[in-house]
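Down below is the structure, laid out as structure tokens.
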Amino acid sequence: MNSPIHAPSPPSSSSSCSYNRPPPCLAHASRNFKFPLLLPQAIRTSQKMYRCSGGHVEGSTNTNPLKNYVVGRSTSGWFETQPLVSEQLLNRRLLPVEALVTPTVQDFSDTPLIGDDKIGVLLLNLGGPETLEDVQPFLFNLFADPDIIRLPRLFSFLQKPLAQFVSVLRAPKSKEGYASIGGGSPLRRITDAQAEELRKSLWSKNVPAKVYVGMRYWHPFTEEAIEQIKRDGITKLVVLPLYPQFSISTSGSSLRLLESIFRDDEYLVNMQHTVIPSWYQREGYIKAMTNLIEKELRGFDCPEEVMIFFSAHGVPLAYVEEAGDPYKAEMEECVDLIMEELEKRKITNAYTLAYQSRVGPVEWLKPYTDETIIELGEKGVKSLLAVPISFVSEHIETLEEIDVEYKELALNSGIEKWGRVPALGTEPTFISDLADAVIESLPYVGAMAVSNLEARQSLVPLGSVEELLAAYDSQRRELPPPVIVWEWGWTKSAETWNGRAAMLAVLLLLFLEVTTGEGFLHQWGILPLFR
């Protein structure tokens, strides 16, 4: 298997270390976009918007419609603003929507306001076990999600039994991994820190807002965050998944959970919201990633000879080819944009992209990270800089899988020098850019995304939960709520699963009776009657 290594032009005579020049936006024009730009690309706050097209990058500049917000305090003590946004502009960009009812909340004392609205930002993330005792129930929640293990509809009732089986089977090895990084995942602590820094950044930009964290598979669950949002009386909500690139299995899973929560709650139906599904193309994010890569390259004796190794979390190939997941196309464009920014800084190292963390027997996106590392060693690469491109927080897949497993594999494969770019965490440029993304989305909160595809491409990639799911996922299924443990006993849930287990046992016995011709049904003379 050949990895897509982007290798360079003749060495420069001014350097003792030879290096090549990777082509910008390599093969971008030939990519097969299953869902080509279904949603709008990035809008910028007086920043350049990168767009890769064919063999070059085009830049354009937009003005932040909220940059001139006037924020003050009235005699009643509430924050008031008068956004200097052109109503004509909004009417041209957006479809008309019906006025939404703002719910009445008694206690407004500790929640900041913009005008008559209370702004909230919901950060969505995966979640992770905080102790070793949390590992097995966390894995159960993970594998009970149909977006992680997709079963045919006929066998959907096996989702939770299968999740229980897989989680019990994988728990011992997973516990070893978490034990090696301190006994639990740091994801919640880091995400909480990101939320606090984002809140500070928004306030510093004259947008007082509350920021919430909702995890998909562990505490604080998304349901818990939504309950706090309701208690705080939030009237406008910006949903911001902490995944730079959209995937059905990450952002999509969290959004479908939100959809099911929103559908059944009158308060949430009336609360205006919008979603920023991906933000990998934002200038601030690209520059933050480039800064980290440039810094780590300086740690090598000969930086120009280092292979930049982008490692992204993998997804099953069927998600991309059959369900229309845009993850692969967005990931490749993200790498192109980062390399474009590095090239502007005269950094022209060879680079490659591979995918890690595959589970199960199905085919995942290729090339695989482990196989690519071995291949690079065989080709004589001596210096490798790993870049965890799809992660903005340190967790098990960076601290254990990359730092321990892949590093050991690299050194055993002939690679002599290894480095790793840290996850973004609370890097100031990154956090400030997230704040800008939230601010840019505010004029569109509660408004439907325009349906004209050409017009969409110049707007923020916004839309309601329902719109985004309809655009991204052709196999939508309702998701189960998070479950902590397997239930046995006399509860309604337990009886359902006990009954299904009993039915499976009966079917298995019948199968053995028919195939072997032996058993108590044959002994009683029942089955021969049906021959």
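How charged is the neighbourhood of Lys382? Take every other residue with its Cβ under 11 Å from the Cβ of Lys382, and add Lys/Arg as +1 and Asp/Glu as -1. Write out the running numbers ahead of the final one.
Values: positive: Lys379, Lys417; negative: Asp301, Glu305, Glu416.
Cβ neighbours under 11 Å give a net charge of -1.
Long-range amide H contacts for Tyr212: which residues qualify at under 5 Å (H placed 1.01 Å from N, peptide plane, sequence gap of 5 or more or a different chain)?
Val121, Leu122, Leu123
If I take R0 = 30 Å and measure r between the Cβ atoms of Arg231 and Glu133 in this structure, what FRET efficiency does the formula 1/(1 + (r/R0)^6) give, to the nearest 0.05? Each step should come with its number before you reach the end.
Values: r = 29 Å, r/R0 = 0.97.
Efficiency, from the Cβ-Cβ distance: 0.55.
Pop out the ³J(HN,Hα) list for segment 249-262 in order, Karplus 6.51 cos²θ - 1.76 cosθ + 1.60 with θ = phi - 60°, rounded to Hz; leave Gly and Pro as x.
For segment 249-262, the Karplus-derived couplings read 7, 10, 4, x, 4, 5, 5, 6, 5, 4, 4, 5, 5, 4 Hz, x marking Gly and Pro.
Under the rule of at least 5 residues apart or a separate chain, name every residue whose amide H is placed under 5 Å from the amide H of Tyr355.
HN-HN under 5 Å from Tyr355: Ala312, Tyr368, Thr369.
If you take the square roots of the eigenvalues of the alpha-carbon gyration tensor of segment 282-424 and sort them as a ≥ b ≥ c, do you get rounded (a/c under 1.5), prolate (a/b over b/c) or oblate?
oblate
How much of the accessible area of segment 282-424, in percent, comes from carbon and sulfur atoms when a 1.4 Å probe is used?
With neighbouring chains kept in place, the figure for segment 282-424 is 49 percent.
How much accessible area per residue does segment 252-370 have, in Å², with a 1.4 Å probe? Mind showing how you got there, number by number?
Details: 3760 Å² over 119 residues.
Averaged over the residues of segment 252-370, the accessible area is 32 Å².
For Trp364, Trp418, Trp203, write out the residues from largest to smallest accessible area, computed with a 1.4 angstrom probe and no ligands counted.
Listed by decreasing accessible area, they come as Trp203, Trp418, Trp364.
Got a number for the accessible area of Phe430? Probe 1.4 Å, square angstrom, nearest 10.
Looks like 0 Å² after rounding.
Relative contact order of segment 276-427, please, whole-number percent, based on alpha carbon pairs below 8 angstrom and at least 6 residues apart.
Result for segment 276-427 is 30 percent.
Just to confirm a number: summing +1 for Lys and Arg and -1 for Asp and Glu over residues other than Leu132 whose beta-carbon lies under 10 angstrom from that of Leu132, what do you get?
Net charge around Leu132: -3.
In debye, nearest 20: dipole of segment 270-417 around its Cα centre with unit charges on the Cβ of K, R (+) and D, E (-)?
Working: 14 positive and 29 negative charges, 95 e Å.
For segment 270-417, the charge dipole is close to 460 debye.
Exceeding 29 Å between C-alpha atoms, which entries from my cross-link table qualify? They are Lys295/Lys328; Lys200/Lys407; Lys175/Lys236; Lys200/Lys346; Lys173/Lys210.
Check vs 29 Å cut-off fails for Lys200/Lys407; Lys175/Lys236; Lys200/Lys346; Lys173/Lys210.
Quick one: which residues, 5 or more positions from Gly233 or on another chain, have an amide H under 5 Å from its amide H? H modelled 1.01 Å from N in the peptide plane, none for Pro or chain starts.
none
Hey, for a label at Glu378 modelled as a point 7 Å past Cα toward Cβ, could you say which residues of segment 398-432 have their backbone N under 20 Å away?
Within reach of a label on Glu378, which here means backbone N under 20 Å from a point 7 Å along Cα→Cβ, segment 398-432 contributes 406-417.
Roughly how many nanometres apart are two label points built 7 Å out from the Cα toward the Cβ at Ser180 and Ser260?
3.4 nm
What distance in nm separates the simple spin-label points at Arg170 and Val269, each placed 7 Å from Cα in the Cβ direction?
3.7 nm
When the chain is fully extended, how far beyond the present Cα-Cα distance does Asn412 get from His219, taking 0.36 nm per residue of separation?
65.7 nm
The values are calculated or read from the model by the stated rules, or taken from the named source; none is laboratory data. In this text, all values refer to a predicted model and were calculated from it rather than measured experimentally. For neighbour counting, all protein chains shown are included, and Cβ atoms are generated from backbone atoms with ideal geometry for every residue, glycine included. Heavy atoms of the whole protein, side chains included, go into the accessibility calculation; ligands, DNA and RNA do not. Shrake-Rupley method; radii C 1.70, N 1.55, O 1.52, S 1.80 Å.
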